[in-house]
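Taken together, the values in this text are just the output of simple stated rules run on the coordinates, not laboratory data. Please read these numbers as outputs of a predicted model, since none were measured by experiment. Reconstructed Cβ throughout: ideal geometry from the backbone, glycine too, with neighbour counts over all protein chains shown.
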There are 4 protein chains.
Amino acid sequence: MASKFYAIIAGVGAGTGRSVALRFAQSYPVVLLARNPSNYTDIVTEIKSSGGHAIGISADTSDLASVSAAFEKIKKELPEKNLAAAIYNVGGTFTVKPFLEQSTSDLSSSLGSNAHGLFNFAQATLPSLLASVQQSPPHPPTLIITGATASIRGSARFSSFAAGKFAVRGLGQSLAREFGPQGVHVAHVIVDGVIDIPRTRGYTANDGKEDGKISPEAIADSYWHLHTQHRSSFTQELDLRPYVEKF
Amino acid sequence: MASKFYAIIAGVGAGTGRSVALRFAQSYPVVLLARNPSNYTDIVTEIKSSGGHAIGISADTSDLASVSAAFEKIKKELPEKNLAAAIYNVGGTFTVKPFLEQSTSDLSSSLGSNAHGLFNFAQATLPSLLASVQQSPPHPPTLIITGATASIRGSARFSSFAAGKFAVRGLGQSLAREFGPQGVHVAHVIVDGVIDIPRTRGYTANDGKEDGKISPEAIADSYWHLHTQHRSSFTQELDLRPYVEKF
Amino acid sequence: MASKFYAIIAGVGAGTGRSVALRFAQSYPVVLLARNPSNYTDIVTEIKSSGGHAIGISADTSDLASVSAAFEKIKKELPEKNLAAAIYNVGGTFTVKPFLEQSTSDLSSSLGSNAHGLFNFAQATLPSLLASVQQSPPHPPTLIITGATASIRGSARFSSFAAGKFAVRGLGQSLAREFGPQGVHVAHVIVDGVIDIPRTRGYTANDGKEDGKISPEAIADSYWHLHTQHRSSFTQELDLRPYVEKF
Amino acid sequence: MASKFYAIIAGVGAGTGRSVALRFAQSYPVVLLARNPSNYTDIVTEIKSSGGHAIGISADTSDLASVSAAFEKIKKELPEKNLAAAIYNVGGTFTVKPFLEQSTSDLSSSLGSNAHGLFNFAQATLPSLLASVQQSPPHPPTLIITGATASIRGSARFSSFAAGKFAVRGLGQSLAREFGPQGVHVAHVIVDGVIDIPRTRGYTANDGKEDGKISPEAIADSYWHLHTQHRSSFTQELDLRPYVEKF
């Protein structure tokens, strides 16, 4: 794969991040960011064993210095490559409890993983995405952001989480309006349902109906579609949910 | 193509309808509906000449009897086939003028092409789409509805048009909530920009910038993506606009 | 009350319409429109007996000729008066049933009462509201439209109703953008809950909790507030729901 | 004024905060919070001179300790009084510049004034608002939050500001859903336009048309209306903009 381009996925774990990484690795070398190397080592191995190119880097996107260090490393490992696609898939842990039982750190944590994390990641990736615009990329350079039900709907006991997710949506929409006309596609995806990953095996969603949890491969398919959209026809926002999900 | 399934596109002309028809004809026999045969004859020929199967039927979707007659004809021409995909792409002519210069017929025309037309088309296609759910279709049976900027934003001088487009969106959203859990994917697409078709050649959109008008092939790609989405991960609504479009 | 202005309420019955009429009758002569005189006669009596001025006129807002006849009558009864406020509160009967059990007449009825009705009412009232702008009205001339949950949310089994309510919202938003800059305040109110009127006495809403149904007097208070807003600070849309209503 | 209740306004300056304070001071003792005493001293004097009761307290709502200290002071100054109304009107300074010229501190500052500030203020006021529910308040205890255009629309060069304002909206909507059923009215107001205050005298808004800037007294009138809404008919969100504002 002698691509001049690479893709980066922040927030890689056993679910969406892994599936997106595998999907984009079919076309690009991929860089996987996660706080904990245990979240990406297996995926790096999986991609390499099927002939792809993958690098895992430990980074905390909520921390500017950590993000900067990660991108220094990328410059060394993938010199002269620019970004084809950057996916921000960091969810962070989140608090579900009554507002008056929440503390400042619940809010800080949500804003850190979500707003600060996307801010840092976008600052680090947009210059490279902009540079790619001039280099005949196979598809318009793309920044895709994973959102959630709480991106468009505040709920009792999810107040800090909603604050973070709304902030990400506002930031992403602003970036779409600023960088779209410069040729970079910024899209926000509302993932509205429980994702079918090892960690959610025990949950019952939609009364246990078949396909009642979202397949991460299906999410990856839609992310890939967003990436391949022609610049005359960009999607800024779409929702994804199981056919049986109430909304 | 020995598919048990077919696709139908209502509102076929030189733009989106044609591109969607060509795209879906790669996988299914397609039926093209338009008021005027001149809108589909060339496309039928084009599809057949590239090895596909296409039927054109003259029908006015705003008229229940006309829609019923069309589906009687389909039953004869494609016996024992059920629907894989139904696309409602009827725009109708629309009025752009101050509200106090509009007449009842401007509103009736907008509601006819949009609300009544989708209503009639959905009544005619949903039983067949539901039947397909049980027949191992390659993808979940799908009803896709073309919307516009006016589907989510009322504007001065577009009041009748907005009434029709809002109505379609409300109807489509209701159908999504009713038929999604039964396995039929209902999606609404907000086409937010000028489409690059023969009729709009003379318009300048986005200061004449390259790709400042929406490519109908790009729309067809997104419609096809919607059709192929896994049922654990349906999109109910997405927007499509040129990278340089203000929104 | 020697006001140069009057108010008109279309869709008067035992609920919101009556309360709004009583509220506006404290400041203006009021005209009450309803299909059936039995819907307004008691209210006319009630207003007169408390010193106000009220006229009831039988009219079907979905029928242009009926609306025109009503306004001819108003010109005779209230010569030289212009409109301070016009309230469109027509709900129409509505169908709650599965989409495939609905007929064209269910949709036509919803679009008639809602989209056509508002269209006809707005055509009849806006010239007078515009004329009032120049006549030092006590408050900016106002057109207020009653919406419902279905104005912003399509639901299974409410598809025709949602089509009509979405259409009204799109039309109202367009009118706001067209007539706002000319000094007429157009507002849309999403009434999200069961209204506490004689007809709903038998319903249990919100588990029968106190004030779990919307007080029509409370709605009238908010309509009056909308009417009195300064033109530097118009509300285009607000929602109203019981404190215990899920949303 | 022997009210058992008081009102508090955070973010008092020469504009909305002052007008809201004057309006609520007609019915309640008011506490005014601002970082800088120069922002409230004149207003305290103005309220006292017209027979009202007002206390100014210096506090930085983005700082939990500062907020706690302020409420300790309030407990001493107004013992045994509970809150009738709490208004969060803190805007913070905001950055208007291209995203790649923004720094982390621009984002932190926006999230601090907006998300953290509202979080701290809501944590401090909701227990007292809840306590008031049981004490026969004249109107349902109310938390009103001032939003902006950027609360619902991200824009190029306003990315950090939009992140903060979206976060506030998500938090406010969550609080409305959590505390509404407990009797506390939480409302979010989208102030969409330039407010007519000393600081904006030099700006031209809406081509300099009369009333093209929002009157802060008009905002205060709508806040007071929100406060007085019956609990069967709460508004969660409304917009306010000049009649000539494009939206």
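Suppose R0 equals 60 Å. What FRET efficiency, 1/(1 + (r/R0)^6) with r the Cβ-Cβ distance, do residue A:69 and residue C:26 give to the nearest 0.05?
On the way: r = 69 Å, r/R0 = 1.15.
FRET efficiency, residue A:69 to residue C:26: 0.30.
Quick one: among B:183, B:208, B:11, which has the greatest mean-square fluctuation in a GNM of chain B with alpha-carbon springs under 10 angstrom? In this elastic network of chain B, the residue with the biggest mean-square fluctuation among B:183, B:208, B:11 is B:208.
Taking amide H atoms as placed 1.01 Å from N in the peptide plane, the amide H of residue D:214 lies under 5 Å from those of D:194, D:195, D:196, each 5 or more residues away in sequence or on another chain. Rounded to the nearest Hz, the phi-derived 3J(HN,Hα) couplings of the stretch C:240-245 under the Karplus curve 6.51 cos²θ - 1.76 cosθ + 1.60 (θ = phi - 60°) are 9, 8, x, 3, 9, 6, where x marks glycine and proline. Inter-copy label distances for residue A:247: 1.6, 2.1, 2.6 nm (label point placed 7 Å from Cα along Cα→Cβ; shortest first).
Put in line by how crowded their Cβ is, counting other Cβ atoms within 10 Å and starting with the fewest, B:47, C:55 read C:55, B:47. Would you please give the residues with an amide H less than 5 Å from that of residue C:86, counting only those at least 5 places away or on a separate chain, with H modeled from the backbone geometry? Close amide H contacts, sequence-distant or interchain: C:8, C:142, C:143, C:144. Footprinting exposure proxy ranking of B:188, A:116, fewest other C-beta atoms within 10 angstrom first, gives A:116, B:188.
Here chain B is scanned for GluC sites (Glu not before Pro) in DSSP loops (not H, G, I, E, B) that have at most 14 other Cβ atoms within 10 Å, and the longest stretch holding none of them is B:81-209. Backbone phi angles across the stretch D:119-136, fed through the Karplus curve with coefficients 6.51, -1.76 and 1.60 (θ = phi - 60°), yield HN-Hα couplings of 4, 4, 5, 5, 4, 7, 9, 4, x, 6, 5, 4, 4, 5, 3, 7, 10, 6 Hz in residue order; Gly and Pro are listed as x. Cβ crowding within 10 Å ranks B:93, B:235, B:228 as B:93, B:228, B:235, fewest other Cβ atoms first.
Within 10 Å of each Cβ of A:208-218, how many other protein chain Cβ atoms are there on average? Mind showing how you got there, number by number?
Numbers: counts 0, 2, 2, 6, 2, 2, 4, 4, 2, 3, 7.
Across the residues of A:208-218, the mean count of other-chain Cβ atoms within 10 Å is 3.
Rounded to the nearest 0.05, the FRET efficiency derived from the C-beta distance between residue D:155 and residue C:134 at R0 = 30 Å is 0.25. Under 5 Å from the amide H of residue D:56 lie the amide H atoms of D:32, each residue being 5 or more positions distant or on a separate chain, with H modelled from the backbone and absent for Pro and chain starts.
What FRET efficiency comes out for residue B:77 versus residue C:104 if R0 is 25 angstrom and r is the Cβ-Cβ distance? Round to the nearest 0.05. Let's see the in-between values first.
On the way: r = 25 Å, r/R0 = 1.01.
Here the calculated transfer efficiency is 0.50.
Inter-copy label distances at residue C:181, using a point 7 Å along Cα-to-Cβ, come to 2.0, 4.5, 4.6 nm with the shortest given first. Remark: the stretch C:207-220, residue by residue, has Karplus-estimated 3J(HN,Hα) of 6, x, 5, 4, 6, x, 10, 6, 6, x, 5, 5, 4, 4 Hz, where x stands for each Gly or Pro and the curve is 6.51 cos²θ - 1.76 cosθ + 1.60 at θ = phi - 60°.
Short version: what are the Cα gyration tensor semi-axes of the protein assembly as shown, square root of 5 times each eigenvalue, largest first, in whole Å? Spell out each step's value before the answer.
On the way: eigenvalues 399, 314, 117 Å².
Ellipsoid semi-axes (Å, largest first): 45, 40, 24.
Comparing A:159, A:109, A:232 in a Gaussian network model of chain A (Cα springs below 10 Å), the most mobile by mean-square fluctuation is A:232.
Taken over the C-alpha atoms, the stretch B:5-240 has Rg and Dmax values of 17.0, 53 angstrom.
Can you tell me the orientation of helix B:159-179 relative to chain B, as the angle in degrees between its alpha-carbon axis and the longest Cα principal axis, to the nearest 10? Relative to chain B, helix B:159-179 is tipped by roughly 30 degrees.
Label points for residue D:101 are taken 7 Å from Cα along Cα→Cβ. From this copy to the others they lie 4.3, 4.7, 6.3 nm apart, shortest first.
Peptide D:111-117 shows a mean partner chain C-beta count of 4 within 10 Å per residue C-beta. The distance separating the Cα centre of the stretch B:83-157 from that of the stretch A:34-113 comes to 42 Å. Listed cross-link partners A:165/D:97; B:165/B:209; B:165/C:73; B:48/B:213; B:48/B:73; D:4/D:76 are compared with a 26 Å cut-off, the Cα-Cα value being larger for B:165/B:209; B:165/C:73; B:48/B:213.
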